[in-house]
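> Take a look at this one; I'll ask things after.
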Amino acid sequence: MGTGSYRPALTLLASLFFMWGFITVINNTLLPHLRSVFDLDYTQTTLIESVWFIAYFFASIPSAKLIERVGYQKALVIGLGIMAVGALGMIPAARMPSYTVTLMALFVIASGITLLQVAANPYVAVIGPADSASARLNLVQAFNSVGTTLAPLFGGYLILGRTTAGTAEAGTVLTQAERLADAQSVQLPYLIVAGVLILLAIIIARFPLPAMGQHTSRADKETRAGLSLWNHRNLVFGIPAIFIYLIAEIGVANLFINFVSQPEIGNLTHQEASNYLFLLWGGMMVGRFVGSFLMRSIAPETVLAWFSIGAFIVMLVTVFASGPVAMWSLILVGLFHSIMFPTIFTLGIRGLGPLTEEGSGLLIMAIAGGALVVVHGWLADLYGLQLSFLLTAACELYILFYALWGAKTGK
């Protein structure tokens, strides 16, 4: 397939990556908001995000089966439609306001994103030359990071900036009337998001996406009998690598605003802290562009190893330093996390051939690791927020192991 034949498709898919990154990170500004509205502890707050990632576990296999039945293009349109329904569900959840309905609406949005992930990630990886798969997916994921970078500004202004809790000093106690008023602030942002999702679904439905090709299509039963996913070490160790990486990424992102708002760290309001969250995700965007460039001449597993070492070091600084040093080291981990998901994903499906679709489904299912952010919240309640980031540091060590040994192809 010539470069020119898949470039328009990659450009359109970049908009999908942008939108699901944008919506996922709106949660990072939504969580401190809901913590104030419903008066939640850290465990209850991170449970919201856990429900979001549990959707990946339950929706991944049904998504793969749906793609088999209707094809990649229709699956993308359906996924966007599901996300729009969930976004609209946030409006009644805010009006009630209801913690349970909020969880249900977020689960629906996440189920739609799961369908997009199962379809789009392998599509981008195999639509062009195999030797540039990691660079290509890192490049398109960089647009996902553009969405994650802009979302805190959007959420900070339209959610935190228009609420009493978002503009108050840490520890301020809200009245019941203030909580009710604050809850209403999520309606406009999610209405805007739903409108954009519907528009994007219409555009993709009318766009001629090229086929992935026979070499990556699902094997028939006879051929499948002689093949096994478990003979591919890069996939076997790649599944827990995705799972563990998500624990690290989501734990940092979800607790970032609460961490830097503490008097001994940044002494910021939640709205002010959301501007620094912008820098965390901005580092991921920059890192993915840089990583895509580096992987043109350096093996992706080598780049992954160095980035995991950098992430481990800055997380130790976050845990044992204080004030601006701790805050900026946590911001810096975004740069080192940037290439991890797309690089692990492409290394995980490398050499799978006709098993690519099944392997991709298992890797996307592993995104459910983000649900264990509730463990991070539990550690924060038990031992303190700063010490809880030792969990993140431990996760970086497994990524290093995967880069050095687990990503090798073969048994």
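The values are calculated or read from the model by the stated rules, or taken from the named source; none is laboratory data. Keep in mind that what you see is a predicted model, and the values were worked out from it rather than measured. Every residue, glycine as well, gets a Cβ built from its backbone with ideal geometry; the counts of neighbours run over all protein chains shown.
> Looking at GLN271, GLN262, can you tell me which residue is within 14 Å of THR318 (Cα to Cα), surrounded by fewer than 24 Cβ atoms within 10 Å (Cβ to Cβ) and of a type outside the set (Ser, Thr, Tyr)?
Within the list GLN271, GLN262, the selection yields GLN262.
> Quick one: would you say ALA371 is touching an Asp or Glu at 6+ places or on another chain (Cβ under 9 Å), buried (at least 22 other Cβ atoms within 10 Å of the Cβ) and farther than 28 Å from PHE58 by Cβ?
Spelling it out, it is not the case that ALA371 is touching an Asp or Glu at 6+ places or on another chain (Cβ under 9 Å), buried (at least 22 other Cβ atoms within 10 Å of the Cβ) and farther than 28 Å from PHE58 by Cβ.
> For SER111, are the conditions met, namely being surrounded by 22 or more Cβ atoms within 10 Å (Cβ to Cβ), hydroxyl-bearing (Ser, Thr, Tyr) and free of Cβ contacts under 8 Å to residues at least 60 places away in the same chain? Quick ask: steps written out before the conclusion?
Numbers: surrounded by 22 or more Cβ atoms within 10 Å (Cβ to Cβ): yes; hydroxyl-bearing (Ser, Thr, Tyr): yes; free of Cβ contacts under 8 Å to residues at least 60 places away in the same chain: yes.
Yes; evaluated as a whole, the condition is true for this residue.
> Based on this model, can you work out whether VAL333 counts as assigned to a helix (DSSP H, G or I) and either over 15 Å from GLN141 (Cα atoms) or more than 19 Å from the chain's Cα centre (by Cα) (or both)?
yes
> Would you please list the contacts, defined by Cβ atoms under 7 Å and residues six or more apart or on different chains, that run from a residue in segment 323-343 that is on the phi > 0 side of the Ramachandran plot to a residue that is surrounded by fewer than 24 Cβ atoms within 10 Å (Cβ to Cβ) and β-branched (Val, Ile, Thr)?
Pairs that qualify, where the first residue is on the phi > 0 side of the Ramachandran plot and the partner is surrounded by fewer than 24 Cβ atoms within 10 Å (Cβ to Cβ) and β-branched (Val, Ile, Thr), are GLY323/ILE265.
> Additional query: Would segment 320-330 turn up any residue that is in contact with a Phe, Trp or Tyr (Cβ under 9 Å, 6 or more places away or on another chain), under 23 Å from VAL303 (Cα atoms) and either buried (at least 23 other Cβ atoms within 10 Å of the Cβ) or hydroxyl-bearing (Ser, Thr, Tyr) (or both)?
yes
> Sticking with this structure for a sec: Can you find a residue that is of a type in the set (A, V, I, L, M, F, W, C), in a helix (DSSP H, G or I), modelled with pLDDT of 80 or more and surrounded by fewer than 23 Cβ atoms within 10 Å (Cβ to Cβ) anywhere in segment 157-169?
no
> Of the residues that sit in segment 55-70 and are β-branched (Val, Ile, Thr) and surrounded by fewer than 20 Cβ atoms within 10 Å (Cβ to Cβ), which one is nearest to PHE389 (Cα to Cα)?
Checking each candidate, the answer is ILE61.
> If you don't mind, there's one more thing I want to ask. Kindly indicate the residue of segment 339-368 that is among the small types (Gly, Ala, Ser) and modelled with pLDDT of 90 or more and also farthest from PRO62 (Cα to Cα) among those meeting that condition.
Quick first cut of segment 339-368, residues among the small types (Gly, Ala, Ser) only: 348, 351, 353, 359-361, 366, 368.
Add one more test, that the residue is modelled with pLDDT of 90 or more, and what stays is 348, 366.
On the way: GLY348: 21, ALA366: 14 Å.
Ranking the qualifying residues of segment 339-368, first place goes to GLY348.
> Now for a separate question. Please work out if GLN73 is buried (at least 16 other Cβ atoms within 10 Å of the Cβ) and within 20 Å of the chain's Cα centre (by Cα).
no
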